[in-house]
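Okay, so here's the structure we're looking at.
Throughout, read-outs are computed from the coordinates displayed, never taken from laboratory work. Bear in mind that the values here come from a model prediction, so they are computed numbers and not experimental data. Cβ coordinates were reconstructed from backbone atoms using ideal geometry, including for glycine residues, and neighbour counts include every protein chain displayed.
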Amino acid sequence: MMRYGQFCPIAKAAEIVAERWTPLVVAEMLAGSTHFSDIRRGVPLMSQTLLSKRLKELERVGVVERRGANPRRPEWHLTQAGRALAPTIQQLGEWGLCHAQDPLQEGDLDVTILTWNIRRRVDPRVFGTQRVTVYFEFTDVPKAKRRWWIVNDRGTVDLCPTDPGFPVDIYIITDIRTMVHIWVGKSSLESAVRAERMEIIGPRQLCKQLRSWFLYSPINVNHLSNPLLKPPRKGSASEARM
């Protein structure tokens, strides 16, 4: 852990929170991940060794704690001190959305992270008790990562990088940049379809429910808590009204 050698509260907080990968690990846990494998799915470029080290460091300083009866598969939970970081992480994300995302570089567009975030930010109640399989095809990513399935089945949502074998109910075909812009609120499903950057195929009623199924990123242009941070609107008035 980096040491600044100062008593300044900002320096002491930065020693813990500003360590590489730590804000992303805390954000993943704030989103509900408790098992090591789930936390790592949210930060896939972080090695298992480094993630294990970070969790132990955060445990030592009282930000996370281990729970569970099985020592080989513990659950990691934020302590009160860890949960108190939520406003800081949220505001950091809002600042990044407004001031650090344009333009996104190709290396920033990770389809694994995007689909994992989509999987955990949908409303499983929207489709009722029926099983609904939503197929995503990202036309501009390597072939091995182009196709993804999200299965919504009676309150359970699973992400599948390979065909789960269920009939597909909704097809979504787009490029990853368009989906990222939709996910953070810089575009909408409707505007992407109108601009022919996205194709949605499926029964009319299910496609109508799709808009409510997506909960989108919790750090979203439409959800910014501070109006002074909102970026200026771009595009025509009709696009702004969606």
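Here are a few things to note about the model shown:
- For a label point 7 Å along the Cα-to-beta-carbon line of Ser52, residues of segment 64-89 with backbone N under 12 Å: 72-73
- Length released on extending from His77 to Arg60, taking residue separation times 0.36 nm less the Cα-Cα span: 4.8 nm
- Put in line by how crowded their Cβ is, counting other Cβ atoms within 10 Å and starting with the fewest, Met198, Met29 read Met198, Met29.
- 3J(HN,Hα) along segment 174-191, derived from phi through the Karplus expression 6.51 cos²θ - 1.76 cosθ + 1.60 where θ = phi - 60°, amounts to 7, 9, 5, 5, 4, 5, 4, 4, 5, 4, 9, x, 7, 8, 9, 4, 5, 5 Hz, with x in place of Gly and Pro.
- Cα-centred dipole magnitude for segment 106-223, charges only on beta-carbon of K, R (+1) and D, E (-1), debye, nearest 20: 320
- Net charge dipole size for the chain [Lys, Arg +1 and Asp, Glu -1 on Cβ; Debye, nearest 20]: 420
- Karplus-derived 3J(HN,Hα) values for segment 209-220, using 6.51 cos²θ - 1.76 cosθ + 1.60 with θ = phi - 60°, are 6, 4, 4, 7, 5, 5, 9, 6, 5, x, 9, 9 Hz; glycine and proline are entered as x.
- Applying D = kT/(6 pi eta Rh) to segment 106-223, where Rh is the Kirkwood radius over alpha-carbon pairs, T corresponds to 20 °C and eta to 1.002 mPa s, the Stokes-Einstein value obtained is 149 µm²/s.
- A Förster radius of 22 Å combined with the Cβ-Cβ distance from Ile173 to Lys143 puts the calculated FRET efficiency at roughly 0.90.
- Using only Cα coordinates, the Kirkwood hydrodynamic radius of segment 28-75 works out to 11.1 Å.
- Computed 3J(HN,Hα) for segment 11-19, one whole-Hz value per residue from the Karplus formula 6.51 cos²θ - 1.76 cosθ + 1.60 where θ = phi - 60°, is 5, 5, 5, 5, 4, 8, 7, 8, 4, glycine and proline marked x.
- Amide N of segment 26-49 lying under 14 Å from the label point, which is placed 7 angstrom from the Cα of Thr112 along Cα→Cβ: 37-49
- Computed from the Kirkwood radius of its Cα pairs, the Stokes-Einstein diffusion coefficient for the chain at 20 °C and 1.002 mPa s stands at 108 µm²/s.
- Each label was represented as a point 7 Å from its Cα along the Cα-to-Cβ direction; for Asn222 and His99 these points are 2.6 nm apart.
- FRET efficiency estimate (nearest 0.05) - Cβ-Cβ, Phe166 to Met1, R0 45 angstrom: 0.45
- Neighbour-count ranking [beta-carbon atoms within 10 angstrom, fewest first] of Phe138, Phe166, Phe7: Phe7, Phe166, Phe138
- Footprinting exposure proxy for Lys143, Lys53, Lys186 (fewest neighbouring C-beta atoms within 10 Å first): Lys143, Lys53, Lys186
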